[in-house]
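Encoded as structure tokens, the structure appears first; notes follow it.
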Amino acid sequence: MIPTMPEQEFAVSSLMDITERPEIVFVKGQGSWLTDHRGKRYLDFVQGWAVTCLGHCPRVVTEALAAQAAELITPSPAFYNEPSLRLAGLIAKHSSFQRVFFTNSGAEANEGAIKLARKWGRRFKGGAFEIITFDHGFHGRTLATMSASGKPGWDTMFAPQVEGFPKATLNDIASVEERITDRTAAVMLEPVQGEAGVFRATVPFLRELRALTKRHNCLLIADEIQTGMGRTGKLWGVDHTATVPDIMCLGKAIGGGVMPLSAFIAPARIWEVMIPNPIIHSTTFGGNPIACAAGLAAIAVTLEEDLPGQAAAKGAFLLKELATLQARYPQVLTDAHGLGLLIGMEFPTDEIGYACAAGLFKRGVLVAGTYSKARTIRIEPPLGIPMELLKEMLNRLEDTFKEIAGAQRST
Ligand code: PLP
């Protein structure tokens with residue numbers, strides 16, 4: 001039973017704004033659906049910004065949480081706890097890395113990776129500290145991760161910011177080569193730039209980048225915070241290229257989309273540089289049992305139900321259908337691209353993108369913007385979304401396109 005709550009009960013102005021929020025309050029989530037305080041249901045293609053890979057409130061995760069909550073919630077990262085040991089073991093088994101460091105948000109995991117790379121540069125490369133990152137990349141909202149991000153203006157917005165993040169151009173190996181020097185400790189990238197508008201690092205580029213970083217004795221850091229846990233059709237985004245980075249950063253879906261959980265992971269040979277003083281990166285809630293219990297349940301379902309395989313097949317279906325819609329409504333949709341269930345739809349102008357998001361909202365479908373505001377709209381449903389819901393969303397999308405095309409004709 002969903003409560004109907006009077007508007008005045010919500011003191012919305014007490015929350016600091018992060019964006020313009022619609023005038024609804026969500027009170028329930030189940031699978032692909034969210035329900036607002038008036039009882040209206042929405043097909044959710046935002047999924048917490050690509051977090052809830054298993055959909056909202058997946059029973060397997062909520063049950064694991066309830067069971068763990070009755071046992072042990074947070075003893076401090078200075079002590080071992082069983083769920084974090086088991087989850088670290090599972091992540092190690094399904095990646096090329098032996099050491100897992102648990103944190104609470106994507107930005108925090110990336111900060112850890114940046115510190116690890118700098119420590120490595122100091123120990124093994126004569127004090128190298130620079131980390132080459134990419135124009136339009138996104139790595140978080142702390143000072144260092146904003147500096148690492150390539151969003152225009154982010155490197156100076158809170159100046160003075162953290163130095164040492166020269167920017168190269170994605171899929172242009174020469175631009176990386178030009179920036180690599182003795183000061184370069186690492187190169188860091190997203191296998192698919194999500195926030196920028198869903199742009200993929202190509203297979204040849206990633207392979208050349210791996211070879212280049214090896215030749216110059218620098219680390220390669222993959223920010224898999226959005227692309228990990230099956231979203232792109234493989235367990236990790238780098239698996240599409242059979243490239244093995246030196247450090248990987250995980251977040252969003254690794255807590256089952258239910259708990260804030262993230263991690264950076266590395267081979268033992270790299271983690272050793274933090275010894276004897278690993279505490280220089282630590283966090284009070286890092287690896288707490290309840291978040292790790294959610295992560296354990298999530299990774300088990302992801303593997304058992306082959307969610308990466310499902311994401312690959314459903315993503316291919318969506319892209320094919322979107323290409324058909326693009327052919328029918330070229331004045332509305334100019335492109336659709338992506339990998340697995342991380343897909344960007346491109347519009348000729350911001351206005352048309354906004355009209356599309358608003359039309360979908362009116363029809364009960366939620367979609368996410370990107371850096372480019374509404375020129376690119378992201379769709380990122382749960383990986384196990386039933387086919388009939390994908391088709392339902394496509395029907396509502398076509399109705400929206402029809403309406404926009406009609407309005408264009410009449411002006
Ligand atoms: N890195 C990538 C690739 C992301 O997509 C995000 C968030 O969208 C982050 C880092 C930051 O994660 P968080 O918002 O959990 O700090």
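Between GLN98 and LEU319, the C-beta separation translates, for a Förster distance of 30 Å, into a calculated FRET efficiency of about 0.25. Extents of the stretch 134-260, largest first, come to 39, 35, 23 Å (Cα atoms, principal axes, whole angstrom). Using heavy atoms of the protein chains and a probe of 1.4 Å, the accessible area assigned to SER32 is about 10 Å².
Listed cross-link partners LYS119/LYS252; LYS234/LYS320; LYS119/LYS314 are compared with a 30 Å cut-off, the Cα-Cα value being larger for LYS119/LYS314. The modelled label-to-label distance between MET157 and TRP33, using points 7 Å beyond Cα along the C-beta direction, is 3.6 nm.
With charges set only on the Cβ (+1 for Lys and Arg, -1 for Asp and Glu), what does the dipole of the stretch 59-304 come to about its Cα centre, in debye to the nearest 20?
Numbers: 24 positive and 22 negative charges, 88 e Å.
Value, rounded to 20: 420 debye.
Rounded to whole numbers, the Karplus 3J(HN,Hα) couplings from phi for the stretch 148-162 are 6, 6, x, 6, x, x, 6, 7, 10, 4, 10, 4, x, 9, 8 Hz, using 6.51 cos²θ - 1.76 cosθ + 1.60 with θ = phi - 60°, and x at Gly and Pro.
Stretched out straight at 0.36 nm per residue, the stretch from VAL203 to VAL12 would grow longer than its current Cα-Cα span by 64.2 nm. Spatial offset of the stretch 64-135 relative to the stretch 286-332 amounts to 24 Å, using the alpha carbon center of each. For the stretch 236-272 versus the stretch 366-411, the spacing of their alpha-carbon centroids is 30 Å. Against the criterion of solvent-accessible heavy-atom surface with a 1.4 angstrom probe, ASP172, ASP17 sort, most first, into ASP17, ASP172.
Within the shell of other residues whose beta carbon sits under 13 angstrom from the beta carbon of SER262, the net charge comes to -3, with Lys and Arg scored +1 and Asp and Glu -1. Between ARG378, ARG179, ARG38, the GNM of the chain built on Cα springs shorter than 10 angstrom shows ARG38 fluctuating the most.
Normalised by the number of residues in the chain, the mean separation of alpha-carbon contacts (under 8 Å, six or more apart) gives a relative contact order of 21 percent.
Taking the convex hull of the alpha carbon positions in the stretch 59-304 and averaging its projected area over all directions gives 12.8 nm². Within the chain, antiparallel bridges make up roughly 65 percent of the DSSP beta bridges whose residues both belong there. Among VAL301, VAL60, VAL203, the sequence by solvent-accessible area, most first, with a 1.4 Å probe is VAL60, VAL203, VAL301. Scalar couplings 3J(HN,Hα) for the stretch 339-344, obtained by applying the Karplus form with A = 6.51, B = -1.76, C = 1.60 to θ = phi - 60°, are 9, x, 9, 10, 10, x Hz; x denotes Gly and Pro.
So what is the 222 nm mean residue ellipticity for the chain from helices alone, if each DSSP H run of at least 4 adds -39500 (n - 2.57) and you divide by all residues, rounding to the nearest 500 deg cm²/dmol?
-11500 deg cm²/dmol
Diffusion coefficient of the chain by Stokes-Einstein, Kirkwood radius over Cα pairs, 4 °C, 1.567 mPa s: 58 µm²/s. Converting phi to 3J(HN,Hα) with the Karplus coefficients 6.51, -1.76 and 1.60 and the offset θ = phi - 60°, the stretch 354-360 yields 5, 4, 5, 4, 5, x, 5 Hz in sequence order, with x at every glycine or proline.
Amide H to amide H distances under 5 Å link ALA336 with GLU346, where only residues 5 or more positions off or on other chains count and H is placed in the peptide plane.
The values are calculated or read from the model by the stated rules, or taken from the named source; none is laboratory data. All figures in this text were calculated on a predicted structure; none of them were measured in a lab. With ideal geometry, Cβ positions are generated from the backbone for all residues, glycine too; neighbour counts draw on all protein chains shown. Keep in mind that these areas ignore ligands, DNA and RNA; they rest on the heavy atoms of the full protein, side chains included. Shrake-Rupley method; radii C 1.70, N 1.55, O 1.52, S 1.80 Å.
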